[in-house]
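Colleague: I have a structure I would like to understand better, so I am pasting it below and will then ask my questions one at a time.
The values are calculated or read from the model by the stated rules, or taken from the named source; none is laboratory data. Bear in mind the structure is a predicted one, so any value in this text is a computation, not a measurement. In this analysis, Cβ positions are derived from the backbone assuming ideal geometry, glycine residues included, and neighbour counts consider all displayed protein chains.
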Amino acid sequence: MPVYTCTTPQSTLSVETKAELAAEITRVHSMINHVPGTYINVVFHEPAPENVFTDGKPARPLLINGWVRTGHPAAQSSQLVAEIASAATRITGIPARMVLVVIQNSPAHLAIEGGRVLPEPGEEEAWLAEQEGTESDES
Amino acid sequence: MPVYTCTTPQSTLSVETKAELAAEITRVHSMINHVPGTYINVVFHEPAPENVFTDGKPARPLLINGWVRTGHPAAQSSQLVAEIASAATRITGIPARMVLVVIQNSPAHLAIEGGRVLPEPGEEEAWLAEQEGTESDES
Amino acid sequence: MPVYTCTTPQSTLSVETKAELAAEITRVHSMINHVPGTYINVVFHEPAPENVFTDGKPARPLLINGWVRTGHPAAQSSQLVAEIASAATRITGIPARMVLVVIQNSPAHLAIEGGRVLPEPGEEEAWLAEQEGTESDES
């Protein structure tokens, strides 16, 4: 369901570091927002170094943008953004002052995955159970 | 007015498939949201395969993110997201379980195209007529 | 705090033009939204020309997407989007009819920078002062 896009200039992060950060974002999101890892996507966007600016000058920030469904409890969302920001610095070594994490959202009914409208936050279990039923029918 | 960004690893989709999907998204959006095709943008973002993860492992999902103006009727938005998800699987052959379509929105007054603030949903005709008037004046 | 993503096909803009546009977006945003330039990020996303479509055909629009914190006064946001659109055409020479500027937002409490939750609009000064205090303590 969620999509995290991590933007940083080419060659800032190694293949290993990207894999480790993707795994940790997946673990944290899964734990806090109650979504199986198989529904969590992480994409790295690596523009050429001359295409990333802070303060109007070429820079090397790490910008993480996550999309989630609207309606998660506020405390849960605050914990999510805090743990992702913390993981980003811990795993990449990029100082916190150069790391920006932003969570955006839109209503679950404006998103489709597996051919089905996403569940509202809190209704994941029924949605997932129904999915498994569908997959069994197919086999 | 809208922008659709389709993210999938490099070499997942052929040039022809991308063109066909862009044309179909444009047709569907134009029909449902009453916007001329000339105002509909589709961008493909193709990261290196090692930059796209699902469940913390390299994967090949098709992630489609659309931006539209806030305020379209709910039934219209539901139809839009359903038809785009359906077209994505039909045209690309990527199974529905690997296709995620998300629609985000912000108020029309926070967007400008052709030098003019976008119209609220439902007010497109007057806005477009005014635009044509302006272009005639210029010629 | 904000992130602006400018999308246009490869080779549409020179290195110099991109730097100039990044600097001007930074200046305009800093002035209108009262944020120091050191907190303003601009990223250029340059897909291959066959990956950008308008009206279902390959095209060369300039699509600017900005993320800001929710809650800025409406007049301020209107001025922001207008000045960015105007700067984009003035600096790049791309005609206004091919330039789309969209501002998206989410609540400040869903974003973290420098390890701290972002301030609500209007509360930047106290937040920045606290940050400087922290940095002094570190040295």
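Colleague: With the checklist (1) in contact with a strand residue (DSSP E or B) (Cβ under 6 Å, 6 or more places away or on another chain); (2) touching a residue at least 12 places away in the same chain (Cβ under 8 Å) in hand, flag the one item C:Phe53 doesn't pass.
Modeller: (2)
Colleague: From the set of residues in segment B:113-139 that are in a loop (DSSP other than H, G, I, E, B) and at pLDDT 70 or above, which is farthest from C:Gln79 (Cα to Cα)?
Modeller: Restricting to residues being in a loop (DSSP other than H, G, I, E, B) and at pLDDT 70 or above, the top hit is B:Gly122.
Colleague: Follow-up question, since we're still on this one. Would you mind telling me which numbered condition in (1) touching a residue at least 40 places away in the same chain (Cβ under 8 Å); (2) touching a Lys or Arg at 6+ places or on another chain (Cβ under 9 Å) B:Tyr4 fails?
Modeller: So the condition that B:Tyr4 fails would be (2).
Colleague: Still on this structure, please answer the following. Name the residue, out of A:Val28, A:Val35, that is surrounded by fewer than 22 Cβ atoms within 10 Å (Cβ to Cβ), of a type in the set (A, V, I, L, M), modelled with pLDDT under 95 and under 30 Å from B:Ala96 (Cβ atoms).
Modeller: A:Val35
Colleague: Tell me, please, whether a residue that is out of contact with any Phe, Trp or Tyr (no Cβ under 6 Å at 6 or more places or on another chain), among the polar types (S, T, N, Q) and more than 12 Å from chain C (Cβ to nearest Cβ) can be found in segment A:36-58.
Modeller: yes
Colleague: Hey, another quick one. Kindly indicate the residue of segment A:118-129 that is in contact with a strand residue (DSSP E or B) (Cβ under 9 Å, 6 or more places away or on another chain) and buried (at least 17 other Cβ atoms within 10 Å of the Cβ) and also nearest to the other protein chains (Cβ to nearest Cβ) among those meeting that condition.
Modeller: A:Leu118
Colleague: On the basis of being over 18 Å from B:Thr38 (Cβ atoms), touching a residue at least 24 places away in the same chain (Cβ under 8 Å) and basic (Lys, Arg), does C:Arg60 make the cut?
Modeller: The answer is no for C:Arg60.
Colleague: Out of contact with any helix residue (DSSP H, G or I) (no Cβ under 6 Å at 6 or more places or on another chain) and closer than 18 Å to B:Thr70 by Cβ: is that true of C:Asn51 in this structure?
Modeller: So C:Asn51 fails the test.
Colleague: What are the pairs with Cβ atoms under 8 angstrom where one residue, in segment A:16-33, is closer than 16 Å to B:Val52 by Cβ and the other, located anywhere, is charged (D, E, K, R) and at pLDDT 95 or above? Sequence gap at least six, or different chains.
Modeller: A:Lys18/B:Glu50; A:Ala19/B:Glu50; A:Thr26/B:Asp55
Colleague: Can you tell me which residue is surrounded by the most Cβ atoms within 10 Å (Cβ to Cβ) among those in segment A:89-108 that are within 15 Å of A:Pro9 (Cβ to Cβ) and within 11 Å of chain C (Cβ to nearest Cβ)?
Modeller: A:Leu100
Colleague: Just to be sure I understand, how many residues within segment A:10-25 are surrounded by 15 or more Cβ atoms within 10 Å (Cβ to Cβ) and among the small types (Gly, Ala, Ser)?
Modeller: So the count comes out to 3.
Colleague: Let me ask another. Just to be sure, is B:Glu46 at negative phi, without any contact (Cβ under 8 Å) to a residue 24 or more places away in the chain and acidic (Asp, Glu)?
Modeller: no
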